[in-house]
1. Return the only residue of A:Leu131, A:Leu109, A:Leu127, A:Leu119 being outside any helix (DSSP H, G or I) and either away from chain B (no Cβ under 14 Å) or closer than 18 Å to A:Val191 by Cα (or both).
2. Which of the helices (runs of 4 or more DSSP H) found entirely inside segment A:134-218 contain at least 3 residues meeting this: more than 26 Å from B:Leu101 (Cα to Cα)?
3. Return the residues of segment B:47-76 that are more than 16 Å from ligand 2 (Cβ to nearest atom) and either among the small types (Gly, Ala, Ser) or not in a loop (DSSP other than H, G, I, E, B) (or both); say none if nothing qualifies.
4. Select from segment B:178-205 the residues that are under 23 Å from B:Asn89 (Cβ atoms) and either among the basic types (Lys, Arg) or within 15 Å of ligand 1 (Cβ to nearest atom) (or both) and list them in ascending order.
5. For residues that are small (Gly, Ala, Ser) and over 20 Å from A:Gly37 (Cα atoms), tally how many sit in segment A:8-23.
6. Checking the structure you have, find out if any residue of segment A:85-98 is acidic (Asp, Glu) and surrounded by 14 or more Cβ atoms within 10 Å (Cβ to Cβ).
7. Yes or no: B:Leu101 more than 16 Å from ligand 1 (Cβ to nearest atom), more than 30 Å from B:Leu209 (Cα to Cα) and open to solvent by less than 60 Å² (accessible area, probe 1.4 Å)?
8. Out of the residues in segment B:1-33 that are open to solvent by 60 Å² or more (accessible area, probe 1.4 Å) and at pLDDT 90 or above, state the one that is farthest from B:Pro73 (Cα to Cα).
Amino acid sequence: MPGRGTMVLMQLALLVALFVAWFVLVKINILPIFFFGDPVLVLQQVFDWIISGEVFVHLATTLIETILGFLIGIFFGVAAGMWLGLSPIAAALLDPYIKALNAMPRVVLGPIFVVWFGLGIASKVALGVTLVFFVVFFNVFQGVREVSPVILANARMLGANRSQLLRTVYIPSAMSWVFSSLHMSVGMAFVGAVVGEYLGSSRGIGYLILQAESTFDVNAVFAGILVLTVFALLLDLTVTLAERRLIVGRPN
Amino acid sequence: MIAPLGKPDDAAKAGTSKAPALAFDQVTVRFGSYTAVSNASITVGDGEFVSIVGPTGCGKSTLLNVAAGLLEPTEGEISVYGKELDGINRQAGYLFQADALMPWRTALNNVITGLQYRNVPVREAEELGRKWLARVGLNGHHERFPHQLSGGMRKRVALAQTLIMDPKIILMDEPFSALDVQTRVLMENELLALWMADKKSVLFITHDLEEAISLSDRVIILSAGPGTHPIAEFVIDLPRPRDVSEVRMTPRFVELHHQIWEAMREEVLKAYERNQQKLAS
Ligand SMILES: Nc1ncnc2c1ncn2[C@@H]1O[C@H](COP(=O)(O)OP(=O)(O)O)[C@@H](O)[C@H]1O
Ligand SMILES: [Mg+2]
C-alpha cells in the first residue's frame, strides 16, 4: 500500500486522466459533442461563473435552503421520533401510514410544495425538511425503542422521574442516533434544495442547471453538475469535521 | 424514669424486632409459562451482609430485580423495613450485572447523575462526585467517557454512582465477576471497608462460593431453576474486620466452605441428573 501522499497524487492523476479521456473521446468524435460537451469549455464555464461571482449567489441560496431544511427536518424528526417511540399506542395506530409515507418516493412531493409554497425558498426548504424528517424520524424512533433497558433501570434506581428520564436517557440516546445519520440528513437536505430548485426557481445551483438545459447548453449543464459535486463534497467534509468535535461521547 | 414504659417484654421486642431491611415472603416469579422463582422467602436484616449463591440462570438477577422494585412478583410480596414495596425501592441502590453507565456522560457526570435527579446544586454534586471517584481509586479519570475506561474502572464508576446516593440497602448483582483477580480482591476489601463504615444492608449476588463466604454474614444457597428457591442457609461467623484474601486461609473458612459445598453438591448433582434426563427423553 503506497503512502497517504502518494495515494492522493494518484487519485488526482486519475481525475486528470478522466478529463483527458473525455477530451480525447469527444475530439475524435467517439462521444458526440452535442451530448457530452467539451471538458475545456465546461471548465471555462465554471471559471467564468467564479470570476463574475455569479455562482456564489446561487451557492449561497442553495446553502441557505440546505441548512434550513436540515435544521427544521432534524427538529421535527426528533420530536416525532421521540413521541412515537415513547407512546406505543400512537405508534401502532400510525404504523401503516408511516410505512406508506416511507415507501413513497418523497421527491414527488416537490411539485405540490411548489404549488403550496411558491417558487421562492420555502418550497425547497419544505422538500428538504420532508426528506430529512424521515431519515431522522426512523433513526430516533428506533433509537428510543432500543434504549438500553439496563441504563433505563439504572436511571430509575438513581431516582429519575419521567421528565428526567426523557432528558437524561431518551434524548441523549436519540441524539446519538441522529449523529449516526448526520451525513445522510445533510445529503437529503441538499437533494431537497437542488431538486426543488430544478422544479422551478429563480436562484440556486439547481436553477443554473435548469436554465442551461432549457437552452441546450450542455457545457453549462456539466459545469453545474461539477459545481454541485464539489459543493456536496465540501458539505460532507464540514459534517465530518463537526462530527469529530461532537463525537467524544460515543464509542468507536 | 417515672412513667411506666409498658412491659419489659415489649421494650425488648421494639428494640430487637426492628423490621428487616428486605423480606421476600413466598415470592414466585413467572415469565409466561416459565416459573423462574418459586416460593422464595429470604430476609436481609438491618445492617446485614447477605450473599445469594446459585448456578447461572437460576434466577438470582430476577430476585434482585424484585427487591429493587423493577419487577413485580407474580405471587407473594416483598417488604422493605416492614412496609410492602410498591414501585421502585427508594431505599436501595442497585449495582447491575451489565454495564449501566451512560455512554454519553463522563465518569464524573455519571457519578453525580443521581444527585442531579435530586436537584443538588452542581458545585456541591461535583465536589462530592470527585470525592467518590477518589474513593474508588479513579483520581484523574473524571473527564473520561465510559468507552475510554477499562471494565474494572467502569465497575468502580458504577459503584461510586450507586454509593454516592447513600442508600440504606445495596443490591449487587455479580459486581466483580468480570474483574481480574487483583482488582477483584481490592474492590472486595474496599466494599467491606465501606460497608463497615456505615453499616448498610447488603444483598450480594454471586456464583462464586468463596467470594460469598469471605464477604458475608450469611450465605443463602439457591436451588437450580426452574422454580428456584433457597435450599440452605449458613451463618458465617468469621471475625471482622476481614481481609478477603487472608480470611480464605483460615481453618474456619475452609471448614465453612466444605460444609456449604457438601450441601450444594447434592443440588448440583440433582440439577445435573435432571438435565441428563431431559437430554435422554
Ligand atoms: N424478562 C424475562 N423474560 C423471560 N425470561 C426471563 C426474563 N428474565 C429472566 N428470564 C429467565 O429466568 C431465568 C433466570 O434468569 P436470571 O434471574 O437472569 O438468572 P441468573 O441471574 O441467576 O443468571 C432464566 O432462565 C432466564 O432465561
Ligand atoms: Mg444474573
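The values are calculated or read from the model by the stated rules, or taken from the named source; none is laboratory data. From a predicted model like this one, the values you see are computed outputs, not experimental measurements. Neighbour counts run over all protein chains shown; Cβ positions are idealised from the backbone, glycine included. We work out accessible area using only protein heavy atoms, side chains counted, and drop any ligands, DNA or RNA first. Shrake-Rupley method; radii C 1.70, N 1.55, O 1.52, S 1.80 Å.
1. Step by step, each of A:Leu131, A:Leu109, A:Leu127, A:Leu119 is checked, and only A:Leu119 is outside any helix (DSSP H, G or I) and either away from chain B (no Cβ under 14 Å) or closer than 18 Å to A:Val191 by Cα (or both).
2. Fully inside segment A:134-218 and qualifying: A:182-199, A:205-214.
3. Within segment B:47-76, B:Gly47, B:Phe49, B:Val50, B:Gly69, B:Glu75, B:Gly76 qualify.
4. Matches in segment B:178-205: B:Lys199, B:Lys200, B:Leu203, B:Phe204, B:Ile205.
5. So the answer is 1.
6. Looking for residues that are acidic (Asp, Glu) and surrounded by 14 or more Cβ atoms within 10 Å (Cβ to Cβ), one finds none in segment A:85-98, hence no.
7. no
8. The extreme case among them is B:Ser33.
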